[in-house]
Amino acid sequence: MAYLLNTDEQVKEMLDTLGLKTLEELYDYLPKELIIDELNIPEALGEIDVLRSFQNLSAKNKVFSSIFRGAGSYRHYIPAVVPEMANKERFKTAYTPYQAEVSQGTLQSIFEFQTMICELTGMDVANASVYDGASAAAEAVSMCRDRKKKRAYISGGVNPRVINTVKTYSWSFNAPVEILEQTKDGLVDIDALEKTEHTDIAALLIEQPNYYGLFEDVSKIVEVAHKKGIKVIVKVNPIAAAVVESVGECGADIAVGEGQPLGIPLGFGGPYLGFMACKKNLLRAIPGRIVGETKDEEGNRAYVLTLQAREQHIRRETAGSNLCSNQALCAITASVYMSSMGPKGMEDVAMQCYNKAHYLANELGKIGFKLRYNSEFFHEFVTESPCDIEKLNRYLENNNILGGLPIENNGILWCATEMNTKHDIDNLVSLCKEVL
Amino acid sequence: MKNPENLKYSKDHEWVREEGKKVVVGITDYAQESLGGLVYVNVPEVGDEVVATESFCDVESVKAVSDIYSPVSGKIVAVNELLLDSPESINEDPYGNGWIVEIDEITDTDELMTAQEYEDYCNTLSKE
């Protein structure tokens, strides 16, 4: 679909129909004091000047050659085919038309994305995506609330930025949120969950692996929560999802996650991709768009926006969500990534992340960075710091390395992915040693 | 369809059938006709407390979602499980198989009409 400006001729025709001489006359009804004569913006620039000014801006970015930090955003290898496909004009510039079915290609690409997310999470239904992992988690909490149950429990092991997003959403629903403090092993406190006296808990949000990189016993948590009538939302890392028991297999009700690791560059924090999938019984509560497959009157395969009665333009004030868009370009990027990697490729990435993170943890342990938790971890882990963390990270920065993230109580949250070579890791460890 | 004489009716188009201390609640023929083909009924749960004139259930037709308002205050003791798989029962048999809930421990009742009064009321609506 083309987005073209109206020609002068068309504008004149419209004005003539309205009986007006100029466009300004259209706005005559506005109070004069509200009209701005001149916008305070700089003069237009030529192409070469625009390029230069953006180059100057981007030169301010510090691009590290080696990154040992994750905490929600992860540097992974992006196969060349991913941007090549996703940047095709028909994907990149296409906005879903208001009569969405006109654009069968757009709908099919979303349908494929939904299918892959269902496979990855072991769930029955996925939506067309949301803005990011944090908003996906917050929307999932809203899905679980009903007339009687409003309270949400969030494991203290969930990414703090996700917790804040859920709190913000819940505040607007006037619904209570409580943090379930972790055990000393850094995991969901199943005993505390079992002992809770609240009877109005709609949902428990956990993360797999959690913010500190640790694997949760999701099946056990689900078992205990379900006995209490609490629905379980698992925010899962999509790379880890390739190797751990799926969220669906663990019996959880909703899977959400941050899709950035699926071929989307770190990009200074966005645009990212939230994915959401659920069991069939929650189908009518999942927000946003769902693309379905059907047949047209000639029996050809066709794609449609489906179950729209869930959506806010029909439910109006009783809608559980105001979500009315999706993150199509990022979803396409993730789809291309998943299909080019395949299940085997994603498993390989996951195992490389796991092995490299464990090698890193082991090497750091040898020079005095002791692991804070005993639990099994994926590609992130927390160590105590035997030195001043700020000084350490400054030293690493001078060597073009982004070190681990400083966290509470003088801890460091480290991360390794397939991008960190053994040489990189050994180099990091010897630099750390120099600071001690 | 004739509105049965033995039922009472609310202005929000719900019907009430008294069964001893309990009541059975559904929506009227007029309501199902206005809503069109139902595709989903979001039934409440047994044990839910309901309040007269407040929403306790919503129904989804092809183009709209509408709230169902409770004609009484009380506690839900049974829900029509049939509606989960066959929401169209409400369209086909609003006063029979299409019942929605059974309510007990009633503490308050909305102003209700007889079949004749309700019919007159509907006639005034369709004239508008």
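Just to be sure before I move on: is A:Ile163 assigned to a helix (DSSP H, G or I) and either assigned by TED's automatic domain parsing to the domain that holds A:Glu380 or not aromatic (Phe, Trp, Tyr) (or both) in the structure I sent? So A:Ile163 fits the description; yes. Under the condition of being under 14 Å from A:Ala175 (Cβ atoms), in a strand (DSSP E or B) and not small (Gly, Ala, Ser), the residues counted in the range A:129-157 number 3.
A residue that is among the aromatic types (Phe, Trp, Tyr), over 29 Å from A:Leu187 (Cβ atoms) and at pLDDT 95 or above occurs nowhere in the range A:381-392. Note on the range B:25-71: among residues that are facing chain A (nearest Cβ under 9 Å) and hydrophobic (A, V, I, L, M, F, W, C), the one that is nearest to A:Arg147 (Cα to Cα) is B:Phe56. Residues that are aromatic (Phe, Trp, Tyr) and more than 41 Å from the chain's Cα centre (by Cα) within the range A:1-44 comprise A:Tyr27, A:Tyr29, listed in sequence order. Within the span defined as the range A:393-401, every residue fails to be in contact (Cβ under 8 Å) with a residue 12 or more places away in the chain, part of a strand (DSSP E or B), touching a Phe, Trp or Tyr at 6+ places or on another chain (Cβ under 9 Å) and more than 15 Å from A:Arg75 (Cβ to Cβ).
Residues in the range B:49-80 that are among the hydrophobic types (A, V, I, L, M, F, W, C) and outside any strand (DSSP E or B) were compared, and the one that is surrounded by the most Cβ atoms within 10 Å (Cβ to Cβ) is B:Ala52.
The number of residues in the range A:336-384 being in contact with a Gly (Cβ under 9 Å, 6 or more places away or on another chain), within 22 Å of A:Val158 (Cα to Cα) and touching a residue at least 24 places away in the same chain (Cβ under 8 Å) comes to 13. Between A:Phe68, A:Phe91, the distinction of being closer than 30 Å to A:Phe381 by Cα and either aromatic (Phe, Trp, Tyr) or not assigned by TED's automatic domain parsing to the domain that holds A:Glu293 (or both) belongs to A:Phe68 only. Of the residues making up the range A:284-322, those that are closer than 17 Å to A:Val125 by Cα and assigned to a loop (DSSP other than H, G, I, E, B) are A:Ile286, A:Pro287, A:Gly288, A:Arg289, A:Ile290, A:Thr306, A:Leu307, A:Glu311.
Would a scan of the range B:101-120 turn up a residue that is more than 12 Å from chain A (Cβ to nearest Cβ), assigned to a helix (DSSP H, G or I), buried (at least 19 other Cβ atoms within 10 Å of the Cβ) and touching a residue at least 40 places away in the same chain (Cβ under 8 Å)? Among the residues of the range B:101-120, at least one is more than 12 Å from chain A (Cβ to nearest Cβ), assigned to a helix (DSSP H, G or I), buried (at least 19 other Cβ atoms within 10 Å of the Cβ) and touching a residue at least 40 places away in the same chain (Cβ under 8 Å), which makes the answer yes.
Table: residues versus (1) in the same structural domain as A:Pro209 (by TED's automatic domain parsing); (2) more than 17 Å from A:Ile67 (Cβ to Cβ); (3) crowded, with 21+ Cβ neighbours inside 10 Å; (4) under 29 Å from the mean Cα position of the chain (by Cα).
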| position | (1), (2), (3), (4) |
| --- | --- |
| A:Gly365 | no, yes, no, no |
| A:Leu392 | no, no, yes, no |
| A:Asn410 | no, yes, no, yes |
| A:Ala416 | no, no, yes, yes |
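Just one residue in the set A:Glu178, A:Glu194 is more than 14 Å from every other protein chain (Cβ to nearest Cβ), at pLDDT 95 or above, surrounded by fewer than 19 Cβ atoms within 10 Å (Cβ to Cβ) and assigned to a strand (DSSP E or B); that residue is A:Glu178.
Taken over the range A:49-65, the residue count meeting the criterion of being closer than 18 Å to A:Gly269 by Cβ, assigned to a helix (DSSP H, G or I) and not hydrophobic (A, V, I, L, M, F, W, C) is 1. Against the definition (surrounded by fewer than 24 Cβ atoms within 10 Å (Cβ to Cβ) and within 17 Å of the chain's Cα centre (by Cα)), how does A:Asn326 come out, yes or no? When the stated conditions are applied, A:Asn326 passes them. Every condition in (1) on the phi > 0 side of the Ramachandran plot; (2) among the hydroxyl-bearing types (Ser, Thr, Tyr); (3) buried (at least 20 other Cβ atoms within 10 Å of the Cβ) holds for B:Ser10 except the one numbered (1). Taking the conditions (1) assigned to a loop (DSSP other than H, G, I, E, B); (2) within 30 Å of A:Val304 (Cβ to Cβ) in turn, A:Glu101 satisfies each one other than (1).
Checking the stated criteria, B:Gly37 turns out not to satisfy the condition of being modelled with pLDDT of 95 or more and small (Gly, Ala, Ser).
Screening the candidates B:Leu125, B:Leu83 for the property of being hydrophobic (A, V, I, L, M, F, W, C), more than 12 Å from every other protein chain (Cβ to nearest Cβ) and buried (at least 16 other Cβ atoms within 10 Å of the Cβ) yields one hit, B:Leu83.
On the basis of being touching a residue at least 24 places away in the same chain (Cβ under 8 Å), small (Gly, Ala, Ser) and under 26 Å from B:Glu5 (Cβ atoms), does B:Ala64 make the cut? No.
Remark: A:Pro271 falls outside the filter, which requires a residue to be surrounded by fewer than 17 Cβ atoms within 10 Å (Cβ to Cβ), away from chain B (no Cβ under 14 Å), in contact with a helix residue (DSSP H, G or I) (Cβ under 8 Å, 6 or more places away or on another chain) and not in a loop (DSSP other than H, G, I, E, B).
The values are calculated or read from the model by the stated rules, or taken from the named source; none is laboratory data. In this text, all values refer to a predicted model and were calculated from it rather than measured experimentally. So basically every Cβ, Gly included, is an ideal-geometry build from the backbone, and we count neighbours across all protein chains shown.
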